[in-house]
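Contents: one structure, followed by commentary.
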Amino acid sequence: MMNSAEESVIEITRGVDDLCAVCPSLGDGGCNNPFGDEGKVGRWDARVMEGLGIAYGETRTAGELRRLIDSKRPLTFCQERCPWKTVCAVFDH
């Protein structure tokens, strides 16, 4: 999504995304990582989506999503609770 053309339309959906698709912890039914199984990932996604003010089923352009993320980052939840915050590009800015 972050590399999509400005006007590309993106639908917010549940499930495995492009980042997850290449993860070695991806298994049948989703994430099998001991630090964040599919249930935990879903709860983290819900917190992030709440912070961004978006919901499943919505469509936005890639440009709109990039501007939204830029305007809200880093989310408090991400700063305080995210187990991947040490590797996240959001904190490089």
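Computed values, structure above
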| read-out | value |
| --- | --- |
| Rounded to 10°, Cα long-axis angle of helix 62-72 versus longest principal axis of the chain | 80 degrees |
| Net length gained if the chain between ASP45 and ARG67 were fully extended (0.36 nm per residue, minus Cα distance) | 6.1 nm |
| Sorted by Cβ neighbour density within 10 Å, fewest at the top, the residues ARG66, ARG14 | ARG14, ARG66 |
| Cα principal axis extents for the chain, largest first, Å | 36, 28, 21 |
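Read-outs throughout are calculated quantities, based only on the coordinates presented, and are distinct from any laboratory measurement. Remember, it's a predicted structure, so these values are computed and weren't measured experimentally. Don't worry about glycine lacking a Cβ; one is built from the backbone with ideal geometry, like all the others, and counts go over all protein chains shown.
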